[in-house]
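Bear in mind that the values in this text are calculations on the coordinates, not laboratory data. Just so we're clear, the structure is a prediction, and the values are computed from it rather than from any experiment. As a convention, Cβ positions derive from the backbone with ideal geometry for all residues, glycine included, and neighbour counts pool all protein chains shown.
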Amino acid sequence: MKELVGNWALVSYVTETSEGTIGKPYGDAVGRLSYDAHGNMAGQVMRPGRANVVHGQSGLQEVRAAYTGYIAYFGTYQVNDAADTVVHHVQGSLIPGWVGGHQVRRLRFDGELLVLSADVKKAGGNVRHTLTWRRIG
């Protein structure tokens, strides 16, 4: 899918629970997403305003807050046009458990925007994560 190839900046990251509660888990998140024509991808999302972590001086709470405020991974991708999905085959990630796995995202375009979403099971319900991206190159 040629429309997907390029560099994207995050416009919004919102969640919605099965009860209809809307959230912004990373506040006014910032991020970048890249897809190349050879099937490679990389993505990063960050919560702004994370506390500064100083090597050897910061406590466990500061390190944990910094870590949980950032998502980053890279790998290859495949588009399934029939299912309107893109599958990210994760080769490297800040989250070790994602390495070697697959991240499946529903895929749609809304005018010039790319909208990716995924449902995640949480405490007896589902949470839909929706990330909207604007092309930057």
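Computed quantities for the displayed model
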quantity	calculated
Relative contact order, percent, the range 81-137 [alpha-carbon distance under 8 Å, six or more residues apart]	24 percent
Max mean-square fluctuation residue, GNM over the chain, Cα-Cα springs under 10 Å, options ALA42, ALA66, ALA82	ALA82
Rg/Rg_ref, the range 69-137, where Rg_ref = 2.2 N^0.38 Å and atoms are Cα	1.19
Inter-probe distance in nm under a simple model that places probes 7 Å from Cα toward Cβ, at HIS89 and THR130	3.1 nm
Residue with peak Gaussian network fluctuation, the chain [Cα springs, cutoff 10 Å], from GLY59, GLY124, GLY43	GLY124
Percentage relative contact order, the range 1-134, counting C-alpha pairs under 8 Å, at least six apart	23 percent
Computed [θ] at 222 nm, helices only, for the chain once each DSSP H run of length n ≥ 4 contributes -39500 (n - 2.57)	-2000 deg cm²/dmol
FRET efficiency estimate (nearest 0.05) - Cβ-Cβ, LYS24 to VAL53, R0 22 angstrom	0.45
Label-point separation in nm, TYR70 to ALA37, each point 7 Å along Cα→Cβ	3.2 nm
The range 79-110 and the range 1-68: distance between their alpha carbon centers, rounded to Å	15 Å
Stretchable slack from LEU60 to VAL120, in nm (0.36 nm times residue separation minus alpha-carbon distance)	18.9 nm
Most fluctuating residue given options THR85, THR21, THR76, as computed from a GNM of the chain linking Cα atoms under 10 Å	THR21
The range 1-73: GluC sites (Glu not before Pro) in DSSP loop, at most 13 other beta carbons within 10 Å	GLU19
Stretchable slack from VAL14 to LYS2, in nm (0.36 nm times residue separation minus alpha-carbon distance)	1.7 nm
Whichever lysines have a C-alpha closer than 19 Å to that of LYS24, once near sequence neighbours (fewer than 8 apart) are set aside	LYS121, LYS122
